[in-house]
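Notes follow once the structure below has been shown.
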Amino acid sequence: MWISIPFFISYVIALLGNSLLIIVILAKSSLHEPMYLFLCMLAGADIVLSTCTVPQALAIFWFHAGEISLDRCITQFFIIHCTFISESGILLVMAFDRYIAICYPLRYTAILTYTLIGKIGVTIFLRSYCTIFPIIFLLKRLTFCQNNIIPHTFCEHIGLAKYACNDIRVNIWYGLFVIITTVVLDALLIFVSYVLILHAVFHMSSQDARQKALNTCGSHVCIIFLFYGPAIFTTLTQRFGRHIPPHIHILLANVCILVPPMLNPIIYGIKTKQIREQAVHMFFPKQE
């Protein structure tokens, strides 16, 4: 029961923080810039990701609601994986946004038009949907005749497939293909974009210009570490930490899902002056 308290508090913070972020950005026309619109997409994905996982976990903690049908389990897995890959794609385009803003500032608005932003959003969704959708059929073809107890608070692909009596090598290889062509590729492209950004920044003649350019990337870099850091750590502990108790693995997996949605709006709210000022002005209109 005690572990449900941080789960509940984190979920409330994630829900309120990301909802506030979306409201502030959409309500203020001065924030209808590419960087903030991408941030709005990220906040929406955070709400979906946390809502797909935390209520189910709280139901287990509070009401011992430990039963789920196979169809519900597959649906939950599909939404979680789609949203996770979408977040990775959004972080990539946010890095691209920072690259254009710093390396081509005079062409920023000409390159990142509203039409292009809309196309990018649709592409991110279609990429995640098209890569995860075949896994539904890979799971549906399996016969589950082994242990029907999943030692986790939410459903995930291999965790579900390993209880089948069939050969799951296709599931394993396709799951690896999806990870490499989406999340790993996104992380590499983000790294390349920041190498180019740093190269451009340190070739600026003005110290103030360098400082301003680095400040504009600060929030995004924090979010990147929050998103990829726990995921990499969890993967490494699952692969090499054979002596780590199972409940630690489960807790780390939940941290990956819960911590980024909770901290993303806090980081952007604190580090981004425009969002902070607009939020204060919205709730305290008499204060400048």
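Please work out the Cα convex hull volume for the stretch 24-146 and give it in Å³ per residue. Before the final figure, lay out each step's value.
Working: hull volume 16.4 nm³, N = 123.
Dividing the Cα hull volume of the stretch 24-146 by its residue count gives 134 Å³.
So what's the back-of-envelope 222 nm ellipticity for the chain, counting only DSSP H runs of four-plus at -39500 (n - 2.57) apiece and dividing by all residues, rounded to 500?
Working: 11 runs with 223 residues, N = 288.
When only DSSP H runs of four or more count, the value is -26500 deg cm²/dmol.
For the stretch 22-32, take each phi angle, set θ = phi - 60°, evaluate the Karplus expression 6.51 cos²θ - 1.76 cosθ + 1.60, and give the result in whole Hz per residue in order, putting x for glycine and proline.
Result, rounded to whole Hz: 5, 4, 4, 5, 6, 7, 9, 5, 5, 9, 7.
Could you state how much accessible area Lys119 has, in square angstrom rounded to the nearest 10, with a 1.4 Å probe and all protein chains kept in place?
In the full protein context, Lys119 sits at about 130 Å².
Taking the radius of gyration and the Kirkwood hydrodynamic radius from Cα positions alone, what is the Rg/Rh ratio for the chain, to two decimal places? All intermediate terms of the calculation are to be shown ahead of the outcome.
Working: Rg = 20.6 Å, Rh = 20.6 Å.
A ratio of 1.00.
Cross-link list Lys119/Lys212; Lys119/Lys271; Lys28/Lys271; Lys28/Lys273: which exceed 22 angstrom alpha carbon to alpha carbon? Each step should come with its number before you reach the end.
Details: Lys119/Lys212 29 Å; Lys119/Lys271 28 Å; Lys28/Lys271 18 Å; Lys28/Lys273 14 Å.
Violating the 22 Å limit, Cα to Cα: Lys119/Lys212; Lys119/Lys271.
What accessible area per residue, rounded to a whole number of Å², is obtained for the chain using a probe radius of 1.4 Å?
On the way: 15790 Å² over 288 residues.
The answer is 55 Å² per residue.
If each residue of separation counts as 0.36 nm, what is the full-extension length gain between His199 and Leu126 once their alpha-carbon separation is subtracted?
Working: separation 73, 0.36 × 73 = 26.28 nm, distance 3.26 nm.
Difference between extended and current length: 23.0 nm.
Report the extension gain between Thr143 and Asp167 in nm, rounded to one decimal, defined as 0.36 nm multiplied by the number of residues separating them, less their alpha carbon distance. Walk me through the numbers on the way to the answer.
Values: separation 24, 0.36 × 24 = 8.64 nm, distance 0.99 nm.
Roughly 7.6 nm would be gained on extension.
Using a 1.4 angstrom probe on heavy atoms only, work out the carbon and sulfur share of the accessible area of the chain in %.
On the way: 11260 of 15790 Å².
Carbon and sulfur together cover 71 percent of it.
Tell me, what is the 1.4 Å probe accessible area of Asp97, in Å² to the nearest 10?
Counting only protein heavy atoms, Asp97 exposes about 0 Å² to solvent.
Any chance you could look up the accessible area of Cys103 with a 1.4 Å probe, heavy atoms only, rounded to 10 Å²?
40
Roughly how many whole Å is it from the C-alpha centroid of the stretch 211-228 to that of the stretch 48-127?
Between the Cα centre of the stretch 211-228 and that of the stretch 48-127, the gap is 18 Å.
Can you list the aspartates and glutamates whose alpha carbon sits under 17 Å from that of Lys140, skipping same-chain ones fewer than 8 residues off?
Asp71, Glu156, Asp167
What FRET efficiency comes out for the pair Met1/Thr51, r = Cβ-Cβ distance, R0 = 25 Å, nearest 0.05? Could you put the intermediate results ahead of the total?
Values: r = 22 Å, r/R0 = 0.87.
Efficiency, from the Cβ-Cβ distance: 0.70.
Using each residue's phi in the stretch 51-61, evaluate 6.51 cos²θ - 1.76 cosθ + 1.60 at θ = phi - 60° and report the 3J(HN,Hα) Karplus result to the nearest Hz, with x for Gly and Pro.
With the stated coefficients, the stretch 51-61 comes to 6, 6, 10, 5, x, 5, 5, 5, 5, 5, 5 Hz.
Mean-square fluctuation check for the chain, GNM, Cα pairs under 10 Å: which of Leu258, Leu42, Leu116 is largest?
Result for the chain, Cα springs under 10 Å: Leu116 fluctuates most.
For Tyr174, what charge total do you get from the other residues with a beta carbon under 15 Å from its beta carbon, if Lys and Arg give +1 and Asp and Glu give -1? Intermediate values should be presented prior to the final figure.
Details: positive: Lys140, Arg141, Lys162, Arg169; negative: Glu156, Asp167.
Net of charged neighbours comes to +2.
Collect residues whose amide H, placed 1.01 Å from N in the peptide plane, falls under 5 Å from the amide H of Asn166; neighbours closer than 5 in sequence don't count.
Thr143
The values are calculated or read from the model by the stated rules, or taken from the named source; none is laboratory data. Everything numeric in this text was worked out from a predicted model, so none of it was measured. Cβ sites come from the backbone with ideal geometry, for glycine too, and all protein chains shown count toward neighbours. Surface areas here come from the heavy atoms of the whole protein model, side chains and all, with no ligands, DNA or RNA. Shrake-Rupley method; radii C 1.70, N 1.55, O 1.52, S 1.80 Å.
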